[in-house]
């Protein structure tokens, strides 16, 4: 083992800026949770019959799932395509994905209520003709797969060798299963909106929405891995071993290059959507401005900056570009689910999230950060456990 | 743009789609060369 301080599990003080702010947010979240589950949706949201889905679906679910795509992209690159130089990125990416999906399911409780019935669509009454059933089934299965992919880390931490070794043997099968499930539900989230041809703005509505959602999830995941790696290097640098530190530039440049290539393809297939539906006339409108901003500012620009960063070996540029790309995915999912949706309604009937809704979303993200911090500081995520070196 | 028949709409959109597909193929090739232009291996 290197001289890195892997087992510094902390005599650090409890009162830190992070803990204080996170603690206050959690207290706020518990209070809002109480309001939600005693007073119903009306007590905390601005949802109505026009907008049954609000920010919890737009951000917590659509963005959460897209940004958690780093799990399947990284695992596929390393184990399916055999690009072993990305190995160091697998565990942080799988952890981010696992927490992302776990929080998607957690946040879904606020929308649907009655948590004891969450398993009904899978085990009690399957709506097999519904796209939403397919999404639910895939998320349920993929969360299980991600849990199993993540499990070796806590098992190594707890030194439970036998179970851990069985799971390691299943890595390839789990990765393949994860890629299949991701392909299915990332696209199905776009397919959910196919039912709304008259309610969605023509610039975003397309029969190819499932393809757009799936392709954009790929570069969302890659960008999120770069973004998460930047933050991890800032806060967990002392936890990282030599392999992790040496592997990071490969991940940054490799993923930036892949993202730039996929983004260019995505730009063109979105552009063909405009061409094939003859939507040119909508471009000089407010919606056209939002669409153009999304495509030029958050797809074409980051694609170019990624490519420039790769050519110039400019890590700093790539890291900032990842922030733009991540923000771009959030912008796209909000555009599809809130801006383009019900575009014909008069402005007084349009939805804007209530403060309590935003508060719960901040609470959910904070719970994710707390869990990431807890796991990242204790378990072998950024380094190989000395007893299991080179065995996965 | 006014379209009076489905045929007019199809001819218009498909014509442009074919033109842009050609543009896309050439652009993607150039993009790949730009992206990998300074690769060492």
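For the range A:6-81 versus the range B:6-41, the inter-centroid distance based on Cα atoms is 39 Å. Axis of helix A:355-378 versus longest Cα principal axis of chain A: the two differ by about 20°, to the nearest ten degrees. Annotation: Cα Rg of the range A:308-385 relative to the compact-globule expectation 2.2 N^0.38 Å equals 1.64.
To the nearest µm²/s, what D does Stokes-Einstein give for the protein assembly as shown at 10 °C and 1.306 mPa s, using the Kirkwood radius over alpha carbon pairs as Rh?
Working: Rh = 23.2 Å.
For these conditions, the coefficient is 68 µm²/s.
With Cα atoms defining each centre, the range A:335-392 and the range A:202-244 are spaced 13 Å apart in the structure. The angle between the Cα long axis of helix A:17-39 and the main principal axis of chain A comes to about 50°, on a 0 to 90 degree scale. Placing pseudo-labels 7 Å out from each Cα toward the beta carbon at residue B:2 and residue A:183 gives an inter-label distance of 4.7 nm.
Averaged over B:33-39, how many beta carbons belonging to a partner chain fall within 10 Å of each residue's beta carbon? Numbers along the way, then the final one.
Details: counts 0, 7, 12, 5, 3, 4, 4.
Across B:33-39, the average partner-chain Cβ count within 10 Å equals 5.
Taking the fewest neighbouring Cβ atoms within 10 Å as the starting point, the ordered list for A:235, A:341 is A:235, A:341.
Using only Cα atoms, find the angle between the long axis of helix A:209-235 and the longest principal axis of chain A, and express it within 0 to 90 degrees, rounded to the nearest 10. Approximately 40 degrees, to the nearest 10.
All of the numbers you see were taken from the coordinates with simple rules; none came from a lab. Note that the structure is predicted; figures quoted are calculated from it, not measured. We place every Cβ from the backbone using ideal geometry, glycine too, and count neighbours over all the protein chains shown.
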